[in-house]
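Data block below; observations after.
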Amino acid sequence: MSNAADLLIQTLANCGVDTIYGLPGDGINGIMEAIRTHPDQMRFIQVRHEESAAFMATAHAKLTGRLGCCLATSGPGGVHLLNGLYDAKGDGAAVIAITGLPYHDLIDTYTQQDVDQSRLFADVAVYSTRVMSAAHVENVVTLACRSALSKRGVAHLSIPVDVQEEKLEEADPSTRNKPHHTSVVSAEGLQLPQLDQVERAAELLNSASRVAILAGRGAAGAQEELLRTADLLGAPIVKALLGKAVVPDTHPLTTGGIGLLGTRPSHEAMEQCDALLIVGSTFPYIEYYPKPGQARVVQIDCDAARIGLRAPAEVGLVGDARAVLEMLNARLRRQESREFLQRAQDGMREWRRVLRESAMTDQHPMKPGRAAIELSERLADDAIVAWDSGHNTGLCARYIDAVGEQIFFGSGMMASMGCAVPYAIAAALIHPQRQVVAFVGDGGLSMLLGELATIVRYGLSIKVVVIKNNTLGQIKWEQMMFLGNPEYECDLQPIDFAAVADAMGIKGYRVVLPEDCGYVLEQALSHAGPALVEMNVDPNEPLLPPKRVAKYADNMEHALAQGTAGAHEIRQSLQEQPSRSMLQS
């Protein structure tokens, strides 16, 4: 005799869910039993912390385009999911979260783990409800899944522990609740803008002489059309971090990233353009967009609410990026002058030269950029790289080239530390034949360190590359640059990550000398099982914006004068490349 939990699992499977990431608990015992008894329909991945389960479900959704699913017990289990679910909300990933509740007739009576999960999840979720009985399951599960997919967000269901085991035959539906009145039929369509809006956009772009393109994750799958647009307009493609792999970093039509972690040519393209085409991006840092009145803006996005969010768009084209670009390209004239593009390309060649020459030295301690470049040169053509949030993100953005069929992803709008290893685990489970690398900092890795055991549990050949500078690097530089304050409480108690890895069953490596970096990486990447490489790097090389910001430079000097630890070494680093170039106007 089937119960509510059985129907939950069957309905999730019908909605396309095949994997649930989570951690058992007594508030979800009925659901765990339903998963155990339906191995042909559902795979359960045990994590060491529920936050990781939510990150994995988010990564699953980002990689597959299907529903990600996470499961947590009542009370603290559900609370732990929230950070990873806000990551899904921020980046538009379709995730369904399931949590337990106390016995239905003890809810809101101060019983054990009595947290109102429906209210708790109200902000993060596009749909959140409590399952009232076995007769309620099919109705709300199908709606929750459809809501998450259609609104590209989080849906949440909370199920009392006793309702989970309620027999379907014993459930007493209301007179209006007819059995099986819902369905899970796929319903997708192609959204296109009106033709007159496309004509207006083409007219605007054709009349400009210095067009720049800002491309984000929404341009994924539209590479050919995007490159065609850039070639027609003579426009450099500037990439938001989530769009890193949209166009290869080595392609002559891109100037790489934008913002604090971006490149100087991208910064200058945004400063000098007279028109901006935004494709699938809501890059959040408004100060890096063209100044008001400088450039006319056309924006392509699948969400009409995002049009004009960061820059004042004159024309908004709502629809699928690939289809819209095809329509637009048919109406664009080839820009005969390539001067603007050529200037960006010349700048990019110089930028790449400076970064490489400054990083590839045998200076001790090792330059952080060297660890990233050496890794970049050894990645498989179809590698999946998960970045974490912090100083390591800047290294990934600037020094690791996205090429071929590689995928780069991480926590975007939430920029949450601790995401990279859970993301890598989901990637390795989905694509077991591909090379998967977690590129992390020592701060982020230590947050969810227990997931190294999850890598071992499931026999995943993940390679973890740890940038070890024994400090919260990005926060350290932000304290100094943004406010002129001396570094405070950013330095970390050192951890021997190679030893930790060995203790957990992962092959641990350590790099101290720069000349050993490439060889050790080759050993780790070719290792048959999981491996971790601890990269000991210079903690005093600053993370600077690509072009001088006078206020930041003044604040940095003020912070150093107030007695920031390592001030002498930091000043010395500021006189060296690449910092010297970045401090130029």
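So is ASP87 of a type in the set (D, E, K, R) and open to solvent by less than 10 Å² (accessible area, probe 1.4 Å) or not? In short, yes. For the stretch 563-579, residues that are free of Cβ contacts under 8 Å to residues at least 24 places away in the same chain and either buried (at least 16 other Cβ atoms within 10 Å of the Cβ) or hydrophobic (A, V, I, L, M, F, W, C) (or both) total 1.
Scanning the stretch 544-562 for residues that are open to solvent by less than 60 Å² (accessible area, probe 1.4 Å) and either modelled with pLDDT under 90 or of a type outside the set (A, V, I, L, M, F, W, C) (or both) yields PRO545, PRO546, LYS547, TYR552, ASN555. Residue-level analysis places GLN479 outside the set of residues that are crowded, with 17+ Cβ neighbours inside 10 Å, in contact with a His (Cβ under 9 Å, 6 or more places away or on another chain) and outside any loop (DSSP other than H, G, I, E, B).
Against the numbered list (1) more than 24 Å from ASN83 (Cβ to Cβ); (2) more than 24 Å from the chain's Cα centre (by Cα), ARG146 comes up short only at (2). Take ASP303 and tell me if it is open to solvent by 20 Å² or more (accessible area, probe 1.4 Å), more than 30 Å from GLN433 (Cβ to Cβ) and in contact with a strand residue (DSSP E or B) (Cβ under 8 Å, 6 or more places away or on another chain). So ASP303 fits the description; yes.
For the stretch 125-132, the criterion of a residue being under 30 Å from LEU332 (Cβ atoms), open to solvent by 80 Å² or more (accessible area, probe 1.4 Å) and part of a loop (DSSP other than H, G, I, E, B) is satisfied by no position. The condition (being under 24 Å from MET348 (Cβ atoms), within 25 Å of the chain's Cα centre (by Cα) and surrounded by fewer than 23 Cβ atoms within 10 Å (Cβ to Cβ)) is satisfied by just one residue among GLY319, GLY308, GLY280, GLY259: GLY259.
Every listed requirement among (1) surrounded by fewer than 21 Cβ atoms within 10 Å (Cβ to Cβ); (2) of a type in the set (Phe, Trp, Tyr); (3) more than 22 Å from VAL161 (Cβ to Cβ) is met by PHE44 save one, (3). The listed residues are ALA565, ALA501, and the only one of them that is among the hydrophobic types (A, V, I, L, M, F, W, C), outside any helix (DSSP H, G or I) and more than 25 Å from GLU287 (Cβ to Cβ) turns out to be ALA565.
The values are calculated or read from the model by the stated rules, or taken from the named source; none is laboratory data. Remember, it's a predicted structure, so these values are computed and weren't measured experimentally. Neighbour counts are summed over all protein chains in view; Cβ atoms, including those assigned to glycine, are modelled from backbone coordinates with ideal geometry. Protein only, heavy atoms only, side chains kept; ligands, DNA and RNA dropped before computing areas. Shrake-Rupley method; radii C 1.70, N 1.55, O 1.52, S 1.80 Å.
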